[in-house]
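Enquirer: Next up is a structure, given as structure tokens.
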Amino acid sequence: MDLDAASQDRRHVWHPFTPLDEWEAEGFHPVVIAEGRGAVLIDEAGTEYLDGNSSIWTNLHGHSHPKLVAAVQAQAAKLAHASYLGLAHAPGAALGAALCRHFDFEDGRVFYSDDGSTAIEAALKIAFQYFRQNGAPERTRFIGLGGGYHGDTVGAMSLGQSASFHETFGPLLFARETVPSPACYRCPFNRAEPEKQDARLYAKCRRECIAAVGRKLDEVGAETAAFVIEPLVQGAAGMTMHPHGYLEQVAPLVRAAGAKLIADEVLTGFGRTGTMLACESEWVRPDLVALAKGLTGGMLPMGATLVREEIVDGFRGEAFGRTGFERTFFHGHSYTGNPLGCAAALANLAIFDEEKTLEKIAADGAVLESASAAFWDLPQTGDVRREGMILAVELVRNRATREPFAPGERIAHRIGEIARRKGLLTRGLGGTLFLLPPYCSSPREIVRMVTLLREATEEFFQTDDAK
Ligand SMILES: Cc1ncc(COP(=O)(O)O)c(C=O)c1O
């Protein structure tokens, strides 16, 4: 007898970031998604949900966008996959050219991988190998920001600073240097102040955080291969947002120390903060950029690492006692450059041009922000912050002292459960709620997402559950 999808799943499938005890608990029935259309996901019973986190920040133009579907179908009918080791194909070549053009990397090239973590792994290995075979083997260190998150493979975990996700694996991780995140709301300079928009404190916070990078570079800059940053918004840290001007001033310090700047734009890339790369808004041209999530418009898993030609050049020719062969980047995956992913990514970029997506984001971001002001009515609201199409509402135990909820209370998760019952799917972290609507969402859908999340929050704090 065939089991239904939920029973089969609960018996045989292990889900990411999902406690098994909850999944297997008596009476638990997971939502089984059957279809997606625009900003809406539909389960097998026909119930509709607004996709308030763009399916873990991947979806841009909506589910089943006809142009994306057509691109993948046409490519599948021709060539679904062929090895990329020593072979090329047209969609991969065209995507390389398109990414370099759209992301101001005409003086560089693209290395493909499978997702955000592998795009980061490639970036850090390229930076490491570059110095090793170009006369600076002492540059073995990486510097990251407090709270940074770059993925769950071992190298990406090592770069990150996410205690709750990665603590268990501590003994496996390579040592990296940390500088404090400049995320303003939680920074010590701002903490005691009632008004986060205090311009003097904001500037002081930025100055101090930039100085901390300078001090770290004075200390270890000569041994540093790269400084790794999630520009403007640190996603898994709680959508913490950097003071404007921070990145612009940090980048030259990294350059002066001779290290490379790796921008992890896995979340922020493809317009999420309003520009194709978040770095653009601070006039910064990173040496390496990791892209994934929105790369295929949410259609297929794929990662890409953009690399400047000056670095690529360090992988060719005979130099520093190594032959050209020995200077090869020996790294890759079976599905590197998958043609279906490339076709989806090309169609995704075409939609940005044809549908003027960045203009839409500018208008809809303002809708998201104005709707979210309603959160201030709730006494538990400690901060409401937005960048592009990212909204975070930080809930606190006490607004005056900003005493946070403990991560173990899983406030955002529990509010997310209530929101789901109201027809909104989203997933926050700790005490912070997130909304990252797909760019196709209408203003009405955006307002509805905020309203449902606010109602769910209010309901949560009214029930005994919350106490
Ligand atoms: C900034 C950032 N980098 C890297 C990753 C890892 O990407 P993936 O989950 O595709 O491996 C994530 C995932 O959330 C991310 O937010």
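Enquirer: Could you give me the ³J(HN,Hα) list for the stretch 292-303, computed from phi with Karplus coefficients 6.51, -1.76, 1.60 and θ = phi - 60°, whole Hz, x at Gly and Pro?
Expert: 6, 5, x, 3, 9, x, x, 8, 8, x, 6, x
Enquirer: Let me ask you something else. Helix-only estimate, please: 222 nm mean residue ellipticity of the chain, summing -39500 (n - 2.57) across DSSP H runs of length 4 or more and dividing by its residues, to the nearest 500.
Expert: Values: 16 runs with 175 residues, N = 467.
The helix contribution divided over the chain gives -11500 deg cm²/dmol.
Enquirer: OK, next. Long-range amide H contacts for LEU173: which residues qualify at under 5 Å (H placed 1.01 Å from N, peptide plane, sequence gap of 5 or more or a different chain)?
Expert: Long-range HN contacts for LEU173: none found.
Enquirer: Still on this structure, I have one more. Semi-axes of the equivalent ellipsoid for the stretch 121-184, please: Cα gyration tensor eigenvalues, times 5, square-rooted, ordered largest first, whole Å.
Expert: Values: eigenvalues 100, 39, 19 Å².
Here the semi-axes work out to 22, 14, 10 Å.
Enquirer: Given H placed 1.01 Å from N in the peptide plane, which residues other than close sequence neighbours of GLY62 have an amide H under 5 Å from its amide H?
Expert: When sequence neighbours closer than 5 places are left aside, the close amide H contacts are TYR439, CYS440.
Enquirer: Which one, PRO407, PHE461, LEU95, projects farthest toward the positive side of the charge dipole computed for the chain from Cβ point charges (K/R +1, D/E -1)?
Expert: Value computed over the given set: LEU95.
Enquirer: Ok, one more. Looking at the stretch 1-86, which GluC sites (Glu not before Pro) are in a loop (DSSP not H, G, I, E or B) and have at most 15 other Cβ atoms within 10 Å? Mind showing how you got there, number by number?
Expert: Details: sites: GLU22, GLU24, GLU26, GLU35, GLU44, GLU48; in loops: GLU26, GLU44.
Here the GluC sites (Glu not before Pro) that fit, given the DSSP loop and packing criteria, are GLU26, GLU44.
Enquirer: Out of residues 5 or more away from LYS260 or on other chains, whose amide H comes under 5 Å of its own, with H placed 1.01 Å from N in the peptide plane?
Expert: When sequence neighbours closer than 5 places are left aside, the close amide H contacts are ALA226, PHE227.
Enquirer: Turning to a different aspect of this structure: Would you mind classifying the stretch 82-163 by shape? Square roots of the alpha carbon gyration tensor eigenvalues, ordered a ≥ b ≥ c; an a/c under 1.5 is rounded, otherwise it is prolate if a/b is larger than b/c and oblate if not.
Expert: Details: a/c = 1.94, a/b = 1.51, b/c = 1.28.
Taking the square roots of the gyration eigenvalues as a ≥ b ≥ c, the stretch 82-163 is prolate.
Enquirer: Let me ask another. Taking every Cα atom in the stretch 295-397, find the radius of gyration and the maximum pairwise distance Dmax, and write them in Å.
Expert: Final numbers for Rg and Dmax: 22.2, 66 Å.
Enquirer: With every protein chain kept in the model, how would you rank TRP283, TRP376, TRP57 by accessible area, 1.4 Å probe, largest at the top?
Expert: Final ranking, largest accessible area leading: TRP283, TRP376, TRP57.
Enquirer: Still on this structure, I have one more. Using the beta-carbon distance between ALA350 and LEU87 and R0 = 25 Å, what value does 1/(1 + (r/R0)^6) give for FRET efficiency, to the nearest 0.05?
Expert: Approximately 0.50, to the nearest 0.05.
Enquirer: How many nm is it between the label spots at ALA34 and LEU20, if each spot is 7 Å from the Cα in line with the beta carbon?
Expert: With each label placed 7 Å out from Cα toward Cβ, I get 3.1 nm.
Enquirer: Specify whether the C-alpha gyration tensor of the stretch 46-89 places it in the rounded, prolate or oblate class, a ≥ b ≥ c being the square roots of the eigenvalues: rounded for a/c under 1.5, otherwise prolate if a/b is larger than b/c and oblate if not.
Expert: Prolate.
Enquirer: Can you compute 3J(HN,Hα) from phi for each residue in the stretch 202-218, using the Karplus curve 6.51 cos²θ - 1.76 cosθ + 1.60 with θ = phi - 60°, rounded to whole Hz and x for Gly and Pro?
Expert: Karplus-based 3J(HN,Hα) across the stretch 202-218 equals 4, 5, 5, 4, 4, 4, 5, 5, 5, 4, 5, 5, x, 5, 5, 5, 4 Hz.
Enquirer: How big is the Kirkwood radius of the chain, worked out from every pair of different alpha carbons and given in Å to one decimal? Show your work: numbers first, answer last.
Expert: Working: mean 1/r = 0.0431 Å⁻¹.
Computed over Cα pairs of the chain, the Kirkwood hydrodynamic radius comes out at 23.2 Å.
Enquirer: Per 10 Å bin, what percent of the C-alpha pairs of the stretch 31-119 does each bin hold, from zero upward?
Expert: 13, 31, 36, 17, 3, 0
Enquirer: I need the phi-derived Karplus couplings for the stretch 228-237: 6.51 cos²θ - 1.76 cosθ + 1.60, θ = phi - 60°, integer Hz, Gly and Pro marked x.
Expert: 10, 9, 8, x, 6, 10, 9, x, 6, 6
Enquirer: Something else now. Enumerate the residues in the stretch 270-289 having an amide nitrogen under 14 Å from the point lying 7 Å beyond the Cα of GLU248 toward its Cβ.
Expert: So the set is 279-285.
Enquirer: Can you list which of the chymotrypsin sites (Phe, Trp or Tyr not before Pro) found in the stretch 12-44 are DSSP loop residues with at most 12 other C-beta atoms within 10 Å? Walk me through the intermediate numbers first.
Expert: Numbers: sites: TRP14, PHE17, TRP23, PHE28; in loops: TRP14, PHE17, PHE28.
Of the chymotrypsin sites (Phe, Trp or Tyr not before Pro), the ones in loops of the stretch 12-44 whose Cβ has at most 12 other Cβ atoms within 10 Å are TRP14, PHE17, PHE28.
Enquirer: Identify all lysines with a Cα-Cα distance to LYS216 below 16 Å; exclude those on the same chain that are fewer than 8 residues away in sequence.
Expert: LYS260
Enquirer: Lysines near LYS422 by alpha-carbon distance under 26 Å, same-chain residues fewer than 8 away left out - which ones?
Expert: Filter leaves LYS467.
Enquirer: Could you pull out the trypsin sites (Lys or Arg not before Pro) across the stretch 202-299 that fall in loop regions by DSSP (anything but H, G, I, E, B) with no more than 12 other Cβ atoms inside 10 Å?
Expert: Sparse-neighbourhood loop trypsin sites (Lys or Arg not before Pro): none present.
Enquirer: Ordering GLU265, GLU459, GLU219 from largest to smallest accessible area (1.4 angstrom probe), what's the sequence?
Expert: From most exposed to least exposed: GLU219, GLU459, GLU265.
Enquirer: For the cross-link pairs LYS67/LYS125; LYS293/LYS360; LYS125/LYS293, which exceed 31 Å when the distance is taken from alpha carbon to alpha carbon?
Expert: Where the Cα-Cα span goes over 31 Å, the pairs concerned are LYS67/LYS125.
Enquirer: For ASP287, what accessible area in Å² do you get when you roll a 1.4 Å probe over the heavy atoms of the protein chains, rounding to the nearest 10?
Expert: 20 Å²
Enquirer: Starting from the 7 Å offset along Cα-to-Cβ, what nm value, one decimal, do you get for the label separation of ALA70 and ARG316?
Expert: About 3.7 nm separates the two model spin labels.
Enquirer: Now for a separate question. Considering only protein heavy atoms, with the full assembly of protein chains and a 1.4 angstrom probe, order ASP4, ASP364 by accessible area, largest first.
Expert: Correct descending sequence by accessible area is ASP4, ASP364.
The values are calculated or read from the model by the stated rules, or taken from the named source; none is laboratory data. Values in this document were obtained by computation on a predicted structure and should not be read as measured data. When we count neighbours, we look across all protein chains shown, and the Cβ atoms used for this are built from the backbone with ideal geometry, even at glycine. The protein model used for the area step is the full one, side chains on, heavy atoms only, and it has no ligands, DNA or RNA in it. Shrake-Rupley method; radii C 1.70, N 1.55, O 1.52, S 1.80 Å.
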